[in-house]
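Colleague: Sending over a structure as structure tokens; questions will come in a sec.
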Amino acid sequence: MDTLKLSELIGQEIEDLRFHYIPENEYGLQSFHTYIKLANNWIIDIPKYDDDDYLNLTYDNLDYYKKMFEAGKSVPDKLKTSFAGQTILDFYFSYDGDEVDFDQSAFIKLSNNLYLSENNFGPMGLTTIDLIIFNEEQFTAEVQRLKDNEIEVRSFLNTKNAG
């Protein structure tokens, strides 16, 4: 079985992005999930795991991502300029100790020096369950906020190359 690797996503161009927002899921929480279409027609989500083996390329997995993208809502045009036509430079994952913090989606560093992420779940009324687009200054402030809460943010490329 073929596997799509995170390292293969580095340098790929983003064509479009769609999302699913559910105001209240079966657990009484809001949920938000992003699906990204790359210029080579791959459809991915924003990763949560730092393992280079990102996605098993089975028919079921590919079909699921395609269906989720096609059924998703489009991002407003004013936000599309933040990611459309940009290439993926790196992924930044949050770590609690030496373990990936699975509650936090990765930050995707784009060629325009913006960072793309998402907040997936939260109680009703919380307004940050959404797509996140940070500039460099905002990303640095978020990394510091996480560090103050004993969460370390690490570059995938630096971690992969160190290992």
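The values are calculated or read from the model by the stated rules, or taken from the named source; none is laboratory data. Quick caveat, the model's predicted, so the values are computed rather than measured. A quick note on method: Cβ atoms are made from the backbone with ideal geometry, for glycine too, and the neighbour counts reach across all protein chains shown. Calculation scope for accessible area: heavy atoms of the full protein, side chains included, ligands and nucleic acids excluded. Shrake-Rupley method; radii C 1.70, N 1.55, O 1.52, S 1.80 Å.
Colleague: For segment 116-131, take each phi angle, set θ = phi - 60°, evaluate the Karplus expression 6.51 cos²θ - 1.76 cosθ + 1.60, and give the result in whole Hz per residue in order, putting x for glycine and proline.
Modeller: Result, ordered by residue: 10, 8, 7, 9, 7, 9, x, x, 4, x, 6, 8, 9, 7, 5, 6 Hz.
Colleague: Still on this model: When P(r) over Cα pairs in 10 Å bins from 0, in percent is calculated directly from the model, which label among [x] 10, 33, 31, 19, 5, 1, 0; [y] 12, 43, 34, 10, 1; [z] 10, 38, 39, 12, 0 fits?
Modeller: From the options [x] 10, 33, 31, 19, 5, 1, 0; [y] 12, 43, 34, 10, 1; [z] 10, 38, 39, 12, 0, the structure gives [z].
Colleague: How much net charge surrounds Leu157 when only other residues with a Cβ under 13 Å from its Cβ are counted (Lys, Arg +1; Asp, Glu -1)?
Modeller: 0
Colleague: Per the 1.4 Å probe, what fraction of the accessible area of segment 54-106, in percent, lies on carbon and sulfur atoms?
Modeller: 49
Colleague: Given the DSSP H assignment, sum -39500 (n - 2.57) over each helix run of at least 4 residues in the chain and divide by its residue total; what's the result at 222 nm in deg cm²/dmol, nearest 500?
Modeller: -7000 deg cm²/dmol
Colleague: While we're looking at this one, here's another question. Just to verify a number: FRET efficiency for Asn113 and Leu57, C-beta to C-beta distance, R0 = 22 Å, to 0.05?
Modeller: So the FRET efficiency works out to roughly 0.10.
Colleague: Determine which lysines satisfy two conditions relative to Lys109: a Cα distance under 25 Å, and not lying fewer than 8 residues away in the same chain.
Modeller: Lys5, Lys37, Lys48, Lys66, Lys73, Lys78, Lys80, Lys147, Lys160
Colleague: For Asp45, list long-range residues whose amide hydrogen, built 1.01 Å from N in the peptide plane, is under 5 Å from its own amide hydrogen.
Modeller: Ile36
Colleague: Whole-Hz Karplus ³J(HN,Hα) for segment 75-84, in order, using 6.51 cos²θ - 1.76 cosθ + 1.60 and θ = phi - 60°, x for Gly and Pro?
Modeller: So the J values, rounded to whole Hz, are 7, x, 3, 5, 8, 4, 5, 6, 10, 5.
Colleague: Let me have the relative contact order for the chain, percent, based on Cα pairs under 8 Å that are six or more residues apart.
Modeller: 25
Colleague: Considering only the other residues whose Cβ falls under 15 Å of the Cβ of Tyr59, what net charge follows from Lys and Arg at +1 and Asp and Glu at -1?
Modeller: Neighbourhood net charge equals -1.
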